[in-house]
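Worksheet: the structure to be examined is printed underneath.
The values are calculated or read from the model by the stated rules, or taken from the named source; none is laboratory data. This is a predicted model, so every value here is computed, not measured. Glycine gets a Cβ as well: all are built from the backbone with ideal geometry, and neighbour counts include every protein chain shown. The accessibility values were calculated without ligands, DNA or RNA, using every heavy atom of the protein model including side chains. Shrake-Rupley method; radii C 1.70, N 1.55, O 1.52, S 1.80 Å.
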Amino acid sequence: MASDSSSSSASGRNAATGFDLVIRGARVVDGTGLPSYVADVGIVGDRIAKIGRIEDEASRVIDAKGLVLAPGFIDVHTHYDVQLDWDPIVTPSCWHGITTVLAGNCGFTLAPAKPEDVDWLAGMLSRVEGMSREALAAGLKFKGGGHGDYWGRFEGKVGVNVASYVGHSAVRRYVMGDDASERPATPEEIEAMKECVRQAMREGAIGFSTSQLDLHVGEDGREVPSNHASADEVVALAGVLAEFDRGACEIIPRSFGRGYDDADRELMLRMHAASGRPVELNLLFPSGEDPESWSKSLDFCREQNAKGARLHPQFATNRGGLHVKLSDTFVFDDMPKWREVLCLAEPERSDALGRPEVRSLLADEFVSDAGKAIGATWENLAVEQVADPEHAEKVGRTIAELAAEAGVAPIDCFLDLALSEGLETWFKMVTDPQAAAYMDQICATVMKEPFAMAGSSDGGAHLASFVGADYTTNLLTDYVPDVLSIEEAIFKLAYMPAIVHGLEDRGAIREGYHADLVLIDMNRLACGETRLARDFPADSERFVVDAEGYVATIVNGEVVLEQGKHT
């Protein structure tokens, strides 16, 4: 987390000029859920020093009449751990009012790590979280060590606040070596892992994260280490948090696409009981396994929270679709045969994709229940961008259309085009309008629950497949005021995640709190189009989404973005 030190007293004045910054006449939505009001906000150093009428001198005054002033948003589910090595302002999240990001979700961190395991963990992130292997090789500077070694490198060098979980897969690899991806742990190994989690918490970790999804497969083709853990191991590691007065557990259970089965429901409740801390859960949305899974999960959380548990699922307001490039994708990992083939190194991958017997298996799996689980059909898979200009006329057309026109099977149309361009063709899974409307209904239902949190950007991950940083902007433009009031929405984006994760003096506009603020012109607030950027190390690509209407973003008293431009 960024330093809490201040160059001036939070409740006093800058002796030379009064306030360092005064934001005058804003409509203050303070994050607590209370009704908004018009006031001036004065900042000294990195703290909010006064809220009310301010006539004192200031080094700078921002006229905020007609604008909304909110606490900076807290992005609870990111994987920005690695990106900070070359992007200290965590784009594109910061473009959407984010002033604090929580990294290390899903059990995937690069620390703790022995030096010889750093590359293996980077490979796991590359495969599971869709991070460019080339960008990691060129940009990652970590050589091994503990949680403090990893995060201490960034102190004073980043433009936002950052906190991170300690990840289960890294802890398992540190203690068990290669066996972490093969078998359950012994009691002695679990004790050693508990000490790793304990040490990370001493060094500032924000909690413990894990996941057990079958589709999480590392670069070596095996399921990630956390998938091999017993329920007792997960509970034991979560229980370390009971020794500390902060933090949360984060988990994506194995059965989340089925509405949480009995084993996972018991596991989550045991994690909560052992840790005494909130448990942050995955997004609630329909899956191909069970279209009503989200409703079953919501009912379970509602029932258990009424009994005193602290279970916090998330709702998704992102608008970007899924992008697919067969040289680098996780999108088809729910289909075992596709996963097996796409995990092959080149040229074996392209060779396999060209063989008729392999294509037959892939075609069958694409239209099976496994394919339906990811929502993929030949009718909604469209060509988005081509590497060869001679194929330009195919852009925007679906595989079903192109296959029918050419008189070939869809699988051959799809793979022949991709192979002809060295697997660099971009495809997009287009959301059906009826499905999009259903997702809106689900979001509107989930977000009304007092225990549901806004999310999930997945920032820093799935760079070649997805960008979700617009969830903050979309919540404010698409669901306010019809579903939530602006006060309720800002609470979901700022103060609620601060409370859940134990972030002190953040998430609200109160005297003495850190001056993390976002000034918004609600009349101009909007998301831009999702676009492909080539701005990462090794000239690698990623998807980003722009924003309009954020007048100023302030982190610890410093204006870090103004009218969308970095200062």
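From the set of residues in the range 262-292 that are in contact with a Ser or Thr (Cβ under 6 Å, 6 or more places away or on another chain) and in a loop (DSSP other than H, G, I, E, B), which is surrounded by the most Cβ atoms within 10 Å (Cβ to Cβ)?
Among residues in the range 262-292 that are in contact with a Ser or Thr (Cβ under 6 Å, 6 or more places away or on another chain) and in a loop (DSSP other than H, G, I, E, B), the one surrounded by the most Cβ atoms within 10 Å (Cβ to Cβ) is L284.
Table: residues versus (1) in a helix (DSSP H, G or I); (2) farther than 23 Å from G455 by Cα.
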site: K194; (1), (2): yes, yes
site: A200; (1), (2): yes, yes
site: S209; (1), (2): no, no
site: L213; (1), (2): no, no
site: D232; (1), (2): yes, yes
site: R246; (1), (2): no, no
site: G257; (1), (2): yes, no
(request) Name the one entry in R302, R349, R339, R359 that is under 24 Å from G459 (Cα atoms) and either in contact (Cβ under 8 Å) with a residue 40 or more places away in the chain or in a loop (DSSP other than H, G, I, E, B) (or both). (result) R339
(request) Examine the range 533-542 for a residue that is open to solvent by 10 Å² or more (accessible area, probe 1.4 Å), in a helix (DSSP H, G or I), aromatic (F, W, Y) and in contact (Cβ under 8 Å) with a residue 60 or more places away in the chain, and state whether such a residue exists. (result) no
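Any idea which of T477, T431, T445 is within 24 Å of T530 (Cα to Cα), at pLDDT 95 or above and open to solvent by 40 Å² or more (accessible area, probe 1.4 Å)?
After applying the criteria, what remains is T477.
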(message) Six or more apart or on different chains, Cβ atoms under 6 Å: show the pairs whose first residue is in the range 318-330 and open to solvent by 40 Å² or more (accessible area, probe 1.4 Å) and whose second is of a type in the set (G, A, S).
(response) L322/S465; D328/A464; F330/G130
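Report, by residue number, each residue of the range 45-99 that is aromatic (F, W, Y) and touching a strand residue (DSSP E or B) at 6+ places or on another chain (Cβ under 6 Å).
Selection gives F73, Y80, W95.
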(request) Could you please give the count of residues in the range 124-174 that are open to solvent by less than 40 Å² (accessible area, probe 1.4 Å), touching an Asp or Glu at 6+ places or on another chain (Cβ under 9 Å), in a helix (DSSP H, G or I) and at pLDDT 95 or above? (result) 7
(request) Scan the range 429-482 residue by residue and report those that are among the charged types (D, E, K, R) and over 19 Å from L322 (Cα atoms). (result) K448, E449, D478, D482
(request) Could you please find all residues in the range 237-251 being buried (at least 21 other Cβ atoms within 10 Å of the Cβ) and among the aliphatic types (A, V, I, L, M)? (result) L237, A238, V240, L241, A248, I251
(message) Please go through (1) out of contact with any Gly (no Cβ under 7 Å at 6 or more places or on another chain); (2) surrounded by fewer than 24 Cβ atoms within 10 Å (Cβ to Cβ) for L69 and return the number of the only condition it doesn't satisfy.
(response) (2)
(request) Could you tell me which of the residues G507, G468 is at pLDDT below 95 and either under 21 Å from the mean Cα position of the chain (by Cα) or among the aromatic types (F, W, Y) (or both)? (result) G468
(message) Need the failing condition index for L326 against (1) within 28 Å of A435 (Cβ to Cβ); (2) out of contact with any Lys or Arg (no Cβ under 9 Å at 6 or more places or on another chain); (3) not charged (D, E, K, R), just the number.
(response) (2)
(message) Can you list the helices (runs of 4 or more DSSP H) lying wholly within the range 438-528 that have 1 or more residues being acidic (D, E) and in contact (Cβ under 8 Å) with a residue 24 or more places away in the chain?
(response) 471-478, 486-490
